[in-house]
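The values are calculated or read from the model by the stated rules, or taken from the named source; none is laboratory data. Please read all numbers here as calculations on a predicted model, not as lab measurements. Here the Cβ positions follow ideal geometry from the backbone for every residue, glycine too, while neighbour counts run over all protein chains shown.
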Amino acid sequence: MSYVARRKLEFAQHDLSQGKRVIDVAMEYGFDTHTGFTKAFRKYFGFPPSLCHLRYSKELPVRATVTSVKLKYG
């Protein structure tokens, strides 16, 4: 999965934890369908987006820096 897709999913996860609807988040982050977003989300996080509000805090993802990206994704 590309870096950009991972970051989109991380921010989408934050929006879902804020109570936004799955379909609205999917469209906001450029997914063509609710199903495509759900599959990508489940593959990355290991659970469906409908359970996001039960699993995560409401903090924004950490801002990436060039150094942190190079260290993490090499």
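Scanning the range 13-48 for residues that are charged (D, E, K, R) and in a helix (DSSP H, G or I) yields ASP15, ASP24, GLU28, LYS39, ARG42, LYS43.
Does SER68 qualify as being in a helix (DSSP H, G or I), hydroxyl-bearing (Ser, Thr, Tyr) and either out of contact with any strand residue (DSSP E or B) (no Cβ under 7 Å at 6 or more places or on another chain) or at pLDDT below 90 (or both)? Yes.
Annotation: of all residues in the range 1-40 being in contact (Cβ under 8 Å) with a residue 12 or more places away in the chain, closer than 12 Å to CYS52 by Cα and charged (D, E, K, R), the one that is surrounded by the fewest Cβ atoms within 10 Å (Cβ to Cβ) is GLU10.
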